[in-house]
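**Q** Submitted below is the structure of interest, expressed as structure tokens.
The values are calculated or read from the model by the stated rules, or taken from the named source; none is laboratory data. The structure displayed is predicted, hence computed values, not measured ones. Every residue, glycine as well, gets a Cβ built from its backbone with ideal geometry; the counts of neighbours run over all protein chains shown.
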């Protein structure tokens, strides 16, 4: 007789494996398959890997069965576009900046450089939590309203206005706690860092962008500095210090802790039309063998120059030869989505068909695919000054990967420009490997939210070719909502779901995705000024009406054995759970403060 290990022993062994190995074990025999299917811990591990989704900090205190249920319910609702929709008032002088769990953070529209007449202090932002608000104030004057903050790292990075006419060549960046007991922002022990840069000129303000691991990027006039804000250590400069200035820099973005992206179109200063320019996505690696500088390990060609754009557009739209295509001008330069880090890199440009229809060419590249380009590993890193031959063509002489060779790693499409403003209707929300965008015109003129979700998770794409319910070795996604919860969810009209298969052949290539679309009648006409998504809730601000719409795809009630509710690790040990509302001055926010609920505590009660 064959001796079998008990289920609970196999369960413990399988929990030490990676998701792919767990699936392989499930295919060995019926006994092992049953263990994998019935283990809550294994199912939670597999589904988190499949959905590329992380549990919220508050959810980690729940029993594994409840964590699994919440994850499945959230993903099911996202697949079906079935949210709870609520409307809340938001002052029209406040602009959404960040959402994370229970926290919604806004910044003042006009008052950032105006002191409060009562105390003479300046308001950087306002933290909204459970209907209550608290301002974050500083005693110094901010140099600009362009600052960045990170809820999870509990930090705000902002430049101080020191009243010096040469403030752009000698600037002080301040590092402050976001969460404090009162309104005054508390500085870190190393309260900031100073940047000396003679190349920062002109009237353009500095841009600030944070990433994980205490990294911050500050750039202006084509020159980028990267610092560790926790220690004040300088990590790199783009370009390396040299007489040349990267004048053609159009934007920078993080793609991880050590990877920085730059959108570049080298051009001649005499060519005002910019018609013959090339276009590149430059990938820089911070912390290389050259201390204090950053190398250029990869240069990707973009189809934004005249010939490539026309060829790509005709391919995608199947346009006749008689159709004219006009590339961008000074008002329609390419755009790189800058707030990161994200799982997706978003690049776009505009063009005009037959002199009247403005369209956009959009390219989405999953960040993880950057590591799949062999050229990055094989080519020699150029010397610090070698990548900047001159200011108009900084990458002259360097090899690049043609778009035709890497387009299979990206998803490329065209769509009409729904808004005369480049950022409206395109500056989209994204989370993990999903991208969310809407029709700007329909919402503005008719109050109709036409929402489209693009899911670029290739592992998941393979499981939903026929139906989104079967998940291979993972069992099935069930209808996990209770009847009571299902009643207050909105089902979209004209719901559409389409699997776009990857194309890979000699003539064409494109990354596949899962596209979901649906319409919601909000009944409130007005443009969406900001769209933000935290993985569970989609926030849409209509400043003209002083409103903010929240599409919540999460779970409100607690499910499980009657009479049993999730307990924290402290409660299980007989310890008192800390007060989630209390924040010690100068400390990080409590871990359970990121439970994704705005209108009530996540304890199973209704608001």
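**Q** Does the range 499-522 hold any residues that are more than 18 Å from residue 369 (Cα to Cα), over 23 Å from the mean Cα position of the chain (by Cα) and modelled with pLDDT under 90, and which are they?
**A** 505, 506, 507, 508
**Q** Against the definition (in a loop (DSSP other than H, G, I, E, B) and either closer than 30 Å to residue 51 by Cα or at pLDDT below 85 (or both)), how does residue 398 come out, yes or no?
**A** yes
**Q** Could you please tell me which pairs satisfy a Cβ distance under 6 Å, a separation of 6+ or placement on different chains, a first residue in the range 300-318 that is surrounded by fewer than 20 Cβ atoms within 10 Å (Cβ to Cβ), and a second residue that is in a helix (DSSP H, G or I)?
**A** Listed pairs, sorted by first residue: 301/403.
**Q** How many of the residues in the range 152-180 are under 30 Å from residue 104 (Cα atoms) and loosely packed, with under 13 Cβ neighbours inside 10 Å?
**A** Counting residues in the range 152-180 that are under 30 Å from residue 104 (Cα atoms) and loosely packed, with under 13 Cβ neighbours inside 10 Å gives 0.
**Q** Scanning the range 145-169 for residues that are closer than 18 Å to residue 223 by Cα and in a loop (DSSP other than H, G, I, E, B), which turns out modelled with the highest pLDDT?
**A** 147
**Q** Among (1) surrounded by fewer than 23 Cβ atoms within 10 Å (Cβ to Cβ); (2) part of a loop (DSSP other than H, G, I, E, B); (3) at pLDDT below 85, there is one condition residue 231 misses while meeting the rest; what is its number?
**A** Evaluating residue 231 over (1) surrounded by fewer than 23 Cβ atoms within 10 Å (Cβ to Cβ); (2) part of a loop (DSSP other than H, G, I, E, B); (3) at pLDDT below 85 leaves (3) as the failure.
**Q** Kindly indicate whether residue 172 is modelled with pLDDT under 90, part of a strand (DSSP E or B) and farther than 27 Å from residue 345 by Cα. I'd like the intermediate steps shown before the answer.
**A** Values: modelled with pLDDT under 90: no; part of a strand (DSSP E or B): yes; farther than 27 Å from residue 345 by Cα: yes.
No: the conditions fail for residue 172.
**Q** Find the residue count for the range 109-128, including only residues that are closer than 22 Å to residue 179 by Cβ, in contact (Cβ under 8 Å) with a residue 24 or more places away in the chain and either out of contact with any strand residue (DSSP E or B) (no Cβ under 7 Å at 6 or more places or on another chain) or not in a loop (DSSP other than H, G, I, E, B) (or both). Spell out the reasoning first.
**A** The initial filter retains those residues of the range 109-128 that are closer than 22 Å to residue 179 by Cβ, namely 111-112, 116, 119, 121-128.
After this cut, where a residue has to be in contact (Cβ under 8 Å) with a residue 24 or more places away in the chain as well, the list is 112, 121, 124-128.
Now drop any that are not either out of contact with any strand residue (DSSP E or B) (no Cβ under 7 Å at 6 or more places or on another chain) or not in a loop (DSSP other than H, G, I, E, B) (or both), which leaves 112, 124-128.
Residues flagged as closer than 22 Å to residue 179 by Cβ, in contact (Cβ under 8 Å) with a residue 24 or more places away in the chain and either out of contact with any strand residue (DSSP E or B) (no Cβ under 7 Å at 6 or more places or on another chain) or not in a loop (DSSP other than H, G, I, E, B) (or both) within the range 109-128 amount to 6.
Residues are listed down the side, and each one gets a yes or a no for (1) more than 23 Å from the chain's Cα centre (by Cα); (2) modelled with pLDDT of 80 or more:
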{"residue": "54", "(1), (2)": "no, no"}
{"residue": "57", "(1), (2)": "no, no"}
{"residue": "61", "(1), (2)": "yes, no"}
{"residue": "64", "(1), (2)": "yes, yes"}
{"residue": "70", "(1), (2)": "no, yes"}
{"residue": "74", "(1), (2)": "no, yes"}
{"residue": "83", "(1), (2)": "no, yes"}
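**Q** Could I ask something else about it? Which residues, taken from the range 194-203, are part of a loop (DSSP other than H, G, I, E, B) and surrounded by 13 or more Cβ atoms within 10 Å (Cβ to Cβ)?
**A** Selection gives 197, 199, 200, 201.
**Q** Among the residues of the range 110-126, which ones are surrounded by 14 or more Cβ atoms within 10 Å (Cβ to Cβ), within 10 Å of residue 145 (Cα to Cα) and at pLDDT below 85?
**A** If the condition is that a residue be surrounded by 14 or more Cβ atoms within 10 Å (Cβ to Cβ), within 10 Å of residue 145 (Cα to Cα) and at pLDDT below 85, then 111, 112 are the ones that fit.
**Q** Can you work out which of the residues in the range 71-85 that are in contact with a strand residue (DSSP E or B) (Cβ under 6 Å, 6 or more places away or on another chain) and part of a loop (DSSP other than H, G, I, E, B) is surrounded by the most Cβ atoms within 10 Å (Cβ to Cβ)?
**A** Here the answer is 83.
**Q** Go over the candidates 17, 5, 10 one by one and state the one that is part of a loop (DSSP other than H, G, I, E, B) and modelled with pLDDT of 85 or more.
**A** Only one candidate qualifies: 17.
**Q** Identify the single condition in (1) in a helix (DSSP H, G or I); (2) touching a residue at least 40 places away in the same chain (Cβ under 8 Å) that residue 88 does not satisfy, given that it satisfies every other one.
**A** (1)
**Q** Right, something else. For the condition in a strand (DSSP E or B) and over 18 Å from residue 226 (Cβ atoms), what is the one hit in 182, 191? I'd like the intermediate steps shown before the answer.
**A** Numbers: 182 fails: in a strand (DSSP E or B).
On inspection, the qualifying residue turns out to be 191.
**Q** Of all residues in the range 204-216 being touching a strand residue (DSSP E or B) at 6+ places or on another chain (Cβ under 6 Å) and either in a strand (DSSP E or B) or at pLDDT 90 or above (or both), which is farthest from residue 233 (Cα to Cα)?
**A** Of everything passing the filter in the range 204-216, 207 is farthest from residue 233 (Cα to Cα).
**Q** Being within 19 Å of the chain's Cα centre (by Cα), farther than 25 Å from residue 227 by Cα and surrounded by 18 or more Cβ atoms within 10 Å (Cβ to Cβ) narrows it down to one residue among 98, 106; which is it?
**A** Step by step, each of 98, 106 is checked, and only 106 is within 19 Å of the chain's Cα centre (by Cα), farther than 25 Å from residue 227 by Cα and surrounded by 18 or more Cβ atoms within 10 Å (Cβ to Cβ).
**Q** Could you check the range 529-542 and list, in sequence order, the residues that are over 29 Å from residue 72 (Cα atoms) and modelled with pLDDT of 90 or more?
**A** 542
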